[in-house]
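What follows is calculated from the coordinates using simple rules that are stated; it is not laboratory data. Not measured: the values here are computed from a predicted model. Here the Cβ is made from the backbone with ideal geometry for all residues, glycine too, and neighbour counts use every protein chain on show.
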Amino acid sequence: MKLWGGRFTKATDKLVEEYTASISFDQQLWKEDIIGSLAHVAMLGKCGIIKEEEASAITEGLKKVAAVIEAGEAEFTISNEDVHMNIEKMLIEQIGPVGGKLHTGRSRNDQVALDMHLYLRARVVELIDLTVKVQEALLEQAKDNTDTILPGYTHLQRAQPVLFAHHLMAYYSMLQRDVERLMDSWKRINIFPLGAGALAGTTFPIDREYVAERLAFDAVYTNSMDAVSDRDFIIEFLSNASLLMAHLSRLCEEFILWMSNEFGFVELDDAFCTGSSIMPQKKNPDVAELVRGKTGRVYGNLMGMLTVLKGLPLAYNKDMQEDKEGMFDTVATLHGALSLFAPMIRTMKVRKEKMRQAVAEDFSNATDLADYLVNKGMPFRQAHEVVGKTVLYCIEWGKYLLDLTLEEYKQFSELFGDDIYAALDPQQVVNARNVLGGTAKNQVEKQIASAFDAVQQNQEWVQAHYKRIDVSLR
């Protein structure tokens, strides 16, 4: 007999039972479910809704159930449908019919909402922690490469020289926005839904604020229908996760390009690469490729959740069972990618000479040639044309700008002087961009110093919130 089977005259069809059960995936929420139940039963006893001795028996029973599950000795069954019913059945088996009083004043609708809030707020802190570790790895590499110059690209064509540290700091900045978004989402995740009942609240004199405080929630849902039907906090997480994966994927694409013979700018450590079963010379950046590929599944989870919710009437509908697998998968995908990223970046070898050689064999200093003429008094549009003709001349004669003699330069403008060679030196080209956010060394060093301060603040936030969510099985 189902725990809800009183009004039914026949057993659930076996296929229906298998199709509608969620225990195969929502058993991941067992700890959150028991933590929420412990707080709920404490409130039931405090408010006199059940007897104190009953509350004590249920509390001890829940702790025994937790120990059994922790030891891997629990059997979750499809016949009990979901994690809530499985745990309640185990509780009743432990302490008898009094275990059935645990569900007083709540529904599975608000119970599962609580579990999801508890689960996601903990995972968000963990993912921020891992993202900050990736930021630290980027900062370490940036700090070691404030004199390393490589071509900057637009349209994947060489554009202007930049410091490698500057390039890495762009990814640090992307991740900082990701961290801030995840931190901000805490406000929407850390809202307490229990007490909403199925949709309309409960007739029992419960104390929602007591349970919320006991579980370290910042706020309580003020509308019971919203409490059980809100999945905005999951969609927001999936959206933030999609952006974070997009940033990781972009950096992976850079690593994959840079590691090729055509670029040769970096070499990823052997520990983060694989070989070929047929080509013995191969060293493949498989980790980077998989992160790039797994970005699609995270996007898919976001689209799936948005689609589930788009036409649902209030309040709870069975469709909402589809909220969990995509969330679990996204958490696991992000956790795996971020865990690998920090050591992969730290152990990456930077081929500084190869980068410098690339800068010497292109026209990425052409803009500085135009700026040189502007500083001599020529209008920029005219300077742009002069430099374009100079570059064309170089291409025709197989030269680069620093290869031209002064006489060759003067064919294009009498404004060129001996100082042109210093102006076109890659180091000078980089350091000439001495504006806020520019690639000049002193500006990049300021970026790095400021970033170390921000990372310290991120770490403090993470540690403070680890303490906040440390709600034990008490």
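Over segment 361-424, Cα pairs under 8 Å with separation of 6+ residues give a relative contact order of 39 percent. Straight-distance candidates among the lysines for linking to Lys31, with alpha-carbon spacing under 18 Å and chain neighbours fewer than 8 residues away dropped: Lys63, Lys64, Lys89, Lys324, Lys467. Taking every C-alpha pair closer than 8 Å and separated by at least 6 residues, the mean separation divided by the residue count of the chain gives a relative contact order of 18 percent.
Membrane-span-like helices of the chain, defined as complete DSSP H segments with a Cα extent of 20 Å or more along the helix axis and a mean Kyte hydropathy of at least -0.5, are identified as 30-46, 52-70, 108-143, 164-189, 232-259, 286-309, 323-346, 380-397. Given the choices (i) 69, 45, 37; (ii) 85, 64, 49; (iii) 100, 51, 39, Cα extents along the principal axes in Å derived from the coordinates of this structure is entry (iii).
Panel order for Glu136, Glu407, by other beta carbons found within 10 Å of each beta carbon, from fewest to most: Glu407, Glu136. Our compactness index for segment 361-424, the C-alpha radius of gyration over the empirical 2.2 N^0.38 Å, is 0.98. Restricting the GluC sites (Glu not before Pro) of segment 236-341 to loop positions (DSSP other than H, G, I, E, B) with no more than 16 neighbouring Cβ atoms within 10 Å leaves Glu262.
With contacts taken as Cα pairs under 8 Å and at least 6 residues apart, segment 203-327 reaches a relative contact order of 28 percent.
Between segment 44-62 and segment 81-149, what is the separation of their alpha carbon centroids in Å? A separation of 25 Å, based on Cα centres.
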